[in-house]
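Here's the structure we're looking at; comments come further down.
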Amino acid sequence: MEKYELPKLKYEYNDLEPYIDEKTMIIHHTKHHQGYLNKLNAALKKYPEMFEKPAEEHLKNLSSLPEDIRVAVRNNSGGYVNHGLFWDIMKKDGSEINGKIKQAIEEAFGSFEDFKEQFSKAATTRFGSGWAWLVVYNSKLEVMSTANQDSPLSKGKTPILGLDVWEHAYYLNYQNRRPEYIENFFKVIDWERVNELYLKSL
Ligand code: MN3
């Protein structure tokens, strides 16, 4: 492999309407996600052997990267990988939560509603640009948030659900109404996929 590539969506740009609008999806995927990818590919030109590993691997080992590309990888491999997960855990009309992930969420947070409240709070209170996450750490579920494009992988945690709360993710449709965007995100979550990622992480 000579460079990383933009993952294709499993659905159409307008499939997440009315919760996430088509125009936001197009700009987000073809401009923002593509932008992180282009910068990541450019940064690694000097170190082509790095393309042999999945981009996730670099985020797990930021401190071992060559210093001249460490910040670029943190931001752009972060942006590349985070958006890849974000697209992957959504689908048209969403799906009901079921299976092991349902059980694990109830065990970790008390109930699905308690989880939703914690996750939404993490997403709402993330100051400025960043992400809210459901992660697996030591086989247990946790809610967390990160700034900018920082990945939970850099803290040894495996993200299985992520919500982009950068303004570019919602501003066209929601303007400053981030809480409404967060509430509507729950209507398009592909819980079958999240369940698969959960099982894989164990
Ligand atoms: Mn984004």
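The values are calculated or read from the model by the stated rules, or taken from the named source; none is laboratory data. Since we're looking at a predicted model, the values are computed, not measured. Counting neighbours? That spans all protein chains shown, and the Cβs are built from the backbone with ideal geometry, glycine included. Just the protein is used for accessible areas: all its heavy atoms, side chains included, with ligands, DNA and RNA removed. Shrake-Rupley method; radii C 1.70, N 1.55, O 1.52, S 1.80 Å.
Here are a few things to note about the model shown:
- Odd one out for Asp15 among (1) open to solvent by less than 60 Å² (accessible area, probe 1.4 Å); (2) over 30 Å from Arg178 (Cβ atoms); (3) charged (D, E, K, R): (2)
- Applying the criterion of at least 3 residues that are under 16 Å from the mean Cα position of the chain (by Cα) and surrounded by fewer than 21 Cβ atoms within 10 Å (Cβ to Cβ) to the helices (runs of 4 or more DSSP H) found wholly in segment 146-202 leaves 191-201.
- Here Val81 clears all of (1) within 16 Å of the ligand (Cβ to nearest atom); (2) in contact with a Leu (Cβ under 7 Å, 6 or more places away or on another chain); (3) among the β-branched types (Val, Ile, Thr); (4) in a strand (DSSP E or B) except the condition numbered (4).
- Scope segment 187-202; condition under 14 Å from Ile105 (Cβ atoms) and in contact with a helix residue (DSSP H, G or I) (Cβ under 7 Å, 6 or more places away or on another chain); matching residues: Trp191, Val194, Asn195, Tyr198, Leu199
- Contact map, segment 29-47: residues that are in the same structural domain as Arg74 (by TED's automatic domain parsing) paired with residues that are open to solvent by 60 Å² or more (accessible area, probe 1.4 Å) and more than 16 Å from the ligand (Cβ to nearest atom), Cβ distance under 6 Å, separation 6+ or inter-chain. Pairs shown: Asn41/Lys3.
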